[in-house]
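Below: the structure, in structure tokens.
The values are calculated or read from the model by the stated rules, or taken from the named source; none is laboratory data. Computed from a predicted model, the values in this text were never measured in an experiment. FYI the Cβ positions are ideal-geometry reconstructions off the backbone, even for glycines, and counts take in every protein chain you see. For accessibility, only protein heavy atoms count, side chains too; no ligands or nucleic acids. Shrake-Rupley method; radii C 1.70, N 1.55, O 1.52, S 1.80 Å.
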Amino acid sequence: MRALQPGETLRQPQLAATLRRIARQGEAGFYRGPVAAALLRLMEERGGLIRSADLIAYRPQLVQPLAARFRSHPVLSMPPPGGGLTLLQLLGLLEPFDLAASGAGSAVTLHRLTEAMNLAYRDRNTWLGDPASMATPPPDLLDPAYLDQLRQRIDPRRHRPAAAIAAPPSPRRESVNTTHLSVADRHGGLVALTTTLNFAYGNGVTVPGAGFLLNNEMDDFTTAPGVANAFGLVQGEANAISPGRRPLSSMAPTLVFRPDGTPWLATGSPGGSRIITTVAQVLLQRIVWGSNLSTAVAAPRIHSQLWPDRLSLEEGISPDTRALLEAMGHVTQPSAAMGAANSVEVLAPVGRGSLGVVDPRRGRTQAVGE
Ligand code: DON
């Protein structure tokens, strides 16, 4: 075996055959027949948990996007278990701040962003999981009165440490006593349509004969309360592992419309927990600070997710801004590139064409767990 050299073609005939089957037969090309058989064979061989009944019961779920307005723009994004709710909450918290006056990249702006991010992640950690199997439905996290109340908790001059916002979930160990398990029913065969394998190459296992990789999306769940996942997220009971439950995702594919309702731009990103804050900052750059789409995508970004209580700063945030943020109590850390917000914008009037922007960070984004 030798590594492919530049210019050589990677051929994946088994994957091609799988994709051809799906193209010809739709769902049945994957969940039944030779592809399913190959997957089940691998599960048997390697001690995997997926059985034929799981494949037969599995159904993609078509859901309505979440809709909100930001600065008079209608915004559509992915509902739970996707990341759009947290994105819209974050934008809702920021809505009344005069971010145009405080300016892109200023300490005041980044302080507001960070504090709002932390509040939004507190709610994500506390409330969100697969809506089909959440024990306690969340309150209306986008209710304007609720957002007002949350916003009042933002101190304009001082970072609120994570521990002052929510007690850190304490790690819980499995008891050695008899344990009572209550298992949620899995009616509905709920599966989010997604392209993520979570980590590079998923769990590193390819299905022999079918050519596709298996993901390691289990890390998107709360593996145990108080234990951070690979993206550092310390999540809650609502996202605990349970049969048939879908993991909470940060994916936030988002559409924004012009105030008159005509389509305007589409954006989204990889980056695990940084997806939501990446998308938010692209929208802020474009809508509030008037950056063109290229600049909006390229502009240096920050990220905070409550836990760990750290403010990550990409290169390009100025040293004096960092010093001002630290004086406000933020514990900053330099960060490798976060996200890759490949985006497209429809030029007005519709029909004039569109502008696609590739995030210049592509290829040098953060490794998992950093
Ligand atoms: O759905 C999620 O939130 C994660 N599975 C996304 C993982 C991801 O973005 C990895 N790429 N950087």
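Some notes on this structure:
- Odd one out for Tyr31 among (1) over 19 Å from Thr278 (Cα atoms); (2) touching a residue at least 24 places away in the same chain (Cβ under 8 Å); (3) surrounded by fewer than 18 Cβ atoms within 10 Å (Cβ to Cβ): (3)
- Among residues of the stretch 236-259 being within 15 Å of the ligand (Cβ to nearest atom) and of a type in the set (D, E, K, R), the one that is surrounded by the most Cβ atoms within 10 Å (Cβ to Cβ) is Arg246.
- The residue list Pro171, Pro138 contains one member that is assigned to a loop (DSSP other than H, G, I, E, B), modelled with pLDDT under 90 and touching a Phe, Trp or Tyr at 6+ places or on another chain (Cβ under 7 Å), which is Pro138.
- Leu40 touching a helix residue (DSSP H, G or I) at 6+ places or on another chain (Cβ under 8 Å), free of Cβ contacts under 8 Å to residues at least 60 places away in the same chain and aliphatic (A, V, I, L, M): yes
- Enumeration of residues in the stretch 122-131 that are open to solvent by less than 60 Å² (accessible area, probe 1.4 Å), assigned to a helix (DSSP H, G or I) and out of contact with any helix residue (DSSP H, G or I) (no Cβ under 6 Å at 6 or more places or on another chain): Asp123, Asn125
- Options Ala252, Ala296; residue that is at pLDDT below 90 and touching a strand residue (DSSP E or B) at 6+ places or on another chain (Cβ under 8 Å): Ala252
- Any hit, the stretch 187-199, residues being at pLDDT 70 or above and away from the ligand (no atom under 16 Å from the Cβ): no
Per-residue answers, yes or no, for (1) open to solvent by 30 Å² or more (accessible area, probe 1.4 Å); (2) modelled with pLDDT of 95 or more; (3) farther than 21 Å from Glu345 by Cβ:
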{"site": "Arg59", "(1), (2), (3)": "yes, no, yes"}
{"site": "Met78", "(1), (2), (3)": "yes, no, no"}
{"site": "Gly82", "(1), (2), (3)": "no, no, yes"}
{"site": "Leu91", "(1), (2), (3)": "no, yes, no"}
{"site": "Ala120", "(1), (2), (3)": "no, yes, yes"}
